[in-house]
Amino acid sequence: MPYFCYLLKSNCTINSLCSYVGFTTNPRRRLRQHNGEIKAGARKTSSKRPWVHIAVVSGFSNKVVALMFEWQWQHPKASRIVRDQMRHIKTKGKGYKGQLQVLRAMLLTPLWSQLELQVNFVDIPAQSYFLSLGVMKNIRHETLSVTDVDDMHVRASSSASAARSAIGHAVEHAQEGESESVRCHICSQKARASTRMLWCCPDCGAAAHVVCSALQALESVDPSSEVLLPDTFCCSECKVCVKRIIASKMSFSPSQLQRASEPHDATEGNEDEDDESDPDTDDDAVIDEDDEGENEDDDVMVLA
């Protein structure tokens, strides 16, 4: 399932500075919810309709990572990582421009730059402003049309199936060709014998615990460098090395492995549905500033 974080701008008035940062698995549907076209939009955005997309961030490997990114984007003053990076910014922008400053600061930190996320701009002036903020340092960005945004979750779903592909590849590589026979090729422990995450080599299909591969990679790292995580993971079978971000996208849990071996029950529901059906559990944030821009501080309201 693909995951996105997005930035919206309110067009309720010509000079509105209201912006909105959130998380979703379907940008088009979520925008329709905010604008009241379909059910389950956040209640506290209803008075600021209509909303339009400014940017959508894609490339998250899982839901937890996307939610971490959303929280830091919503609360830059509460996040030590973002707060330290924001100290270099002399003038804080208003409305969506301030949120783009936060976004750039986040993407320049080692934590987020390693993930190779992509910022997809729907608003051309917003993209121009973003690029004017300074050196991008390999920040990936692209201009999208409204139609492109509508299709984002469909296109991303194909790449988001990497975990399922990895599981299938690992099962095919296993000796007996069954999920029960998938094991770590470093410690030889069966995958379903523990709760450790595994990753699958995209070349040969050999599976290994993420922890085992990380420890193996760190053996060749100079201890004085204080590196905690290796930049690359190498397959113990075919010796092919891939970037950590690729390994994370080819990772899966023992529970996912077990579910993949079970017959699918159509009555269980659509797995592509995200957690946005209930507005009372919406974790998005509204940043409200008056139309004249007199507020010096951002007013962030986390919806309960």
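Restricting to the stretch 18-32, name every residue that is of a type outside the set (Ser, Thr, Tyr), over 17 Å from the mean Cα position of the chain (by Cα) and buried (at least 22 other Cβ atoms within 10 Å of the Cβ). Result: Cys18, Leu31. Considering only residues in the stretch 234-262 that are among the basic types (Lys, Arg) and not in a strand (DSSP E or B), the one that is surrounded by the most Cβ atoms within 10 Å (Cβ to Cβ) turns out to be Lys249. In this structure, Leu215 does not satisfy being touching a strand residue (DSSP E or B) at 6+ places or on another chain (Cβ under 6 Å) and either at pLDDT 85 or above or not β-branched (Val, Ile, Thr) (or both). The set of residues in the stretch 182-201 that are among the aliphatic types (A, V, I, L, M) and crowded, with 23+ Cβ neighbours inside 10 Å comprises Val182, Ala191, Leu198. When the stretch 62-99 is filtered for residues that are in contact (Cβ under 8 Å) with a residue 40 or more places away in the chain, surrounded by 21 or more Cβ atoms within 10 Å (Cβ to Cβ) and under 30 Å from Met250 (Cα atoms), the ones remaining, listed by number, are Ala66, Phe69, Glu70, Trp73, Gln74.
With respect to Val286, determine if the residue is outside any loop (DSSP other than H, G, I, E, B), at pLDDT 85 or above and of a type outside the set (D, E, K, R). So Val286 fails the test.
A Cβ distance below 9 Å, combined with a sequence gap of six or more or placement on separate chains, defines the contacts here; from the stretch 111-138, residues that are within 16 Å of Ile54 (Cβ to Cβ) and in the same structural domain as Asp151 (by TED's automatic domain parsing) reach residues that are of a type in the set (Lys, Arg) and part of a helix (DSSP H, G or I) in the pairs Val119/Arg104; Ala126/Lys97; Tyr129/Lys97; Phe130/Lys97; Phe130/Arg104; Leu133/Arg104.
The values are calculated or read from the model by the stated rules, or taken from the named source; none is laboratory data. Quick caveat: nothing in here was measured; it's all calculated off a predicted structure. Positions of Cβ are generated from backbone atoms using ideal geometry, with glycine treated the same way; all protein chains shown enter the neighbour counts.
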